[in-house]
Amino acid sequence: MKNKEKIPDFEDIIFEGRNKEYGAYALRKTYNKYISISTTGGAFLFALIVSYPLITASIFPAEKGESNPGKDSTIIIFSNPSIDTPPVDIPTPITPKTPTVKYIVPVVLPDEQVHNDDFAKIEDLINKNPGIATVEGSLDGTDLIDVADPIDIPEVEPVKEQIYTWLEVMPEFPGGDGELLSFFAKNIVYPEIAKRAGVEGKVILSFVIDKSGVVKDVQVAKGIGAGCDEEAMRVINSMPNWNPGKQNGKPVLTRINIPIVFKLK
């Protein structure tokens, strides 16, 4: 039988026709060998480290009477015994009161029942206060004052200012009613949707003139729709300050109703 031809490996194919005595070829050929040796050595060293306690215990067994901390060991923790200490009463410092002299309410009695000794003399009241009993206190003492429990005071809602509808002096547009009509004629724009739909009518607006003459709280009391209500409100909100209304000579809040007529020509 003929000998089988040796199949070249990967390194032989790469280094064919090159110098194979040293260099990369030698390293590639011995790479797998050294990897196997290092892996086997590392595994052996790891097994030796893991089994070291067992090997030591089998070679050097523990003597009798010695405790094995790794087996059947008991840990005893000693705690400080509790000492029952009786509560200590801390005396409250007693502050001396100021000296007082008993005050007697004068009562009208017959002369034979009157005893002047019952009343304090003027010299007895020097550096002393009248009280319900005579107390020999200290000039540096303090008077005990009974503090009453706080009283819940209900919250009082703020009083809303009255809005008048009729006054001694009614609010007035600057320049009078003629200027008011002229202001409407110059500023009102007939809405296009109302023109197309042929909407006509009277929009009544209600608003408040405050103490400074400013227009506030504009509302539609009666509307006709089609954009006419919104246009009327726009013009009212753009008005200058009025002369405020007055009651008893003082400016007050006044509500006014004004009709605005929309009519197609």
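Scanning segment 163-189 for residues that are open to solvent by 80 Å² or more (accessible area, probe 1.4 Å) and touching a helix residue (DSSP H, G or I) at 6+ places or on another chain (Cβ under 7 Å) turns up just one, VAL189.
The C-beta contact set for segment 174-190 (first residue closer than 24 Å to SER212 by Cβ, second residue assigned to a helix (DSSP H, G or I) and open to solvent by 60 Å² or more (accessible area, probe 1.4 Å), distance under 9 angstrom, 6+ apart or interchain) comprises ASN187/ARG234.
Which ones in segment 190-230 are among the hydrophobic types (A, V, I, L, M, F, W, C) and open to solvent by 20 Å² or more (accessible area, probe 1.4 Å)? Of everything in segment 190-230, those that are among the hydrophobic types (A, V, I, L, M, F, W, C) and open to solvent by 20 Å² or more (accessible area, probe 1.4 Å) turn out to be ILE193, ALA197, VAL199, ILE204, VAL214, VAL215, VAL218, VAL220, ALA221, ILE224, ALA226.
The values are calculated or read from the model by the stated rules, or taken from the named source; none is laboratory data. Just so it is clear, the model here is predicted, and its values are computed rather than measured. Methodologically, a virtual Cβ is constructed for each residue, glycine included, from the backbone with ideal geometry; neighbour enumeration extends over all protein chains shown. Quick note on the areas: whole protein, heavy atoms, side chains included, nothing else; ligands and nucleic acids left out. Shrake-Rupley method; radii C 1.70, N 1.55, O 1.52, S 1.80 Å.
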